[in-house]
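The next block holds one structure in the form of structure tokens; read it before the comments.
The values are calculated or read from the model by the stated rules, or taken from the named source; none is laboratory data. For clarity, every value in this text was computed on a predicted model and none was experimentally measured. FYI the Cβ positions are ideal-geometry reconstructions off the backbone, even for glycines, and counts take in every protein chain you see. Please note that ligands, DNA and RNA were not included when accessible areas were found on the heavy atoms of the full protein model with its side chains. Shrake-Rupley method; radii C 1.70, N 1.55, O 1.52, S 1.80 Å.
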Amino acid sequence: MKLPAAALLLALAATGAQAACSRELRIGVSSLGYAAYQQDGQMRGIIPDLVAALAQRSGCRLRLALRPRARVMLEFEQGQLDIVTSSIRTPERDRFGHFLPYAYAELDLLLLNETLPRTMRDLSQRPEFKLGLVRGVRLGDVLTDWVEPMLASKQAEYSPDFENLAAKLSAGRIQAALIPSIIHTKMRRDGLLPVQATAVDLTDAPPETIGLYVNRKNVPDADLQLLQRHVEALRREGQVQQVYARHIGEADARRLFRSEPAAR
């Protein structure tokens, strides 16, 4: 994907402050709904806003590098990127980076219409209805237990990305889909989902913590500790939730952060 330099790389630094980190840090970012998207040749969304806030507080020079998600993770593992965002913690990723939690991600069940079963249990018992999901999206233990038998029986199928998944839903090839809330909210705004599609909050699949991964190979301990301190402050003071609310609305942000301690 070739973009103008201003859109591809976004350099952010604290106004009037000397850079506090040892050098400029490169942050891999992908287009993922309201997390990050392109508008008028610029990167917009939750991640650019959080990176700007982190740069302002820490004094570090942070540069966004737009990549497809698979390439982001590959370049991070190879040491070409210093930080990746929107990541769920896994043992494999812990080998390459230090995890700094800042928010939550939640998968919702998107239904083609309101007449379909509204729980995974009920949906799994109706084999005439097909479920779609995107390959590589971590489901969590509860949803995995439901989805794996559906995949084995061909009641569920993978798509390569969320645009393809939405197209299948619009065409009626599938009747339900699992999509993160910050992605399906923007897809609806952009007209990519059927008008009649409804979102169901899966109460037995709670939000999962997401965070930054800071590269173990590239980033000195002093830089890591500085970033960790300011990420924790942004979260503790409620500024992360405020950024989410600005993009997805107050109600959805409160739902996503319902397990977060009150800001102080």
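Beta carbons closer than 6 Å, at least 6 apart along the sequence or on distinct chains, pair a first residue in segment 79-99 that is basic (Lys, Arg) with a second that is in a strand (DSSP E or B) and open to solvent by 10 Å² or more (accessible area, probe 1.4 Å) for Arg89/Phe99.
Taken together, Arg121, Arg89, Arg138 contain a single residue that is charged (D, E, K, R) and touching a helix residue (DSSP H, G or I) at 6+ places or on another chain (Cβ under 8 Å), which is Arg121. Assessment of segment 251-263 against the conditions (of a type in the set (Ser, Thr, Tyr) and either without any contact (Cβ under 8 Å) to a residue 12 or more places away in the chain or open to solvent by 70 Å² or more (accessible area, probe 1.4 Å) (or both)) yields at least one matching residue.
Each row is one residue, and each column tells you yes or no for (1) surrounded by fewer than 18 Cβ atoms within 10 Å (Cβ to Cβ); (2) closer than 30 Å to Met43 by Cβ.
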site	(1), (2)
Asp94	yes, yes
Glu106	no, yes
Leu111	no, no
Arg118	yes, no
Leu123	no, no
Gly140	yes, yes
Pro149	yes, no
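Among the residues of segment 125-138, which ones are among the β-branched types (Val, Ile, Thr) and open to solvent by 40 Å² or more (accessible area, probe 1.4 Å)? Before you say what the answer is, go through the steps one by one.
As a first pass, look at segment 125-138 and keep what is among the β-branched types (Val, Ile, Thr): 134, 137.
Within segment 125-138, just Val137 meets the criteria.
Among the candidates Leu178, Leu212, Leu169, which residue alone is open to solvent by less than 10 Å² (accessible area, probe 1.4 Å), assigned to a strand (DSSP E or B) and either in contact with a Leu (Cβ under 8 Å, 6 or more places away or on another chain) or within 23 Å of Gln56 (Cβ to Cβ) (or both)? Sole residue among the options that is open to solvent by less than 10 Å² (accessible area, probe 1.4 Å), assigned to a strand (DSSP E or B) and either in contact with a Leu (Cβ under 8 Å, 6 or more places away or on another chain) or within 23 Å of Gln56 (Cβ to Cβ) (or both): Leu178.
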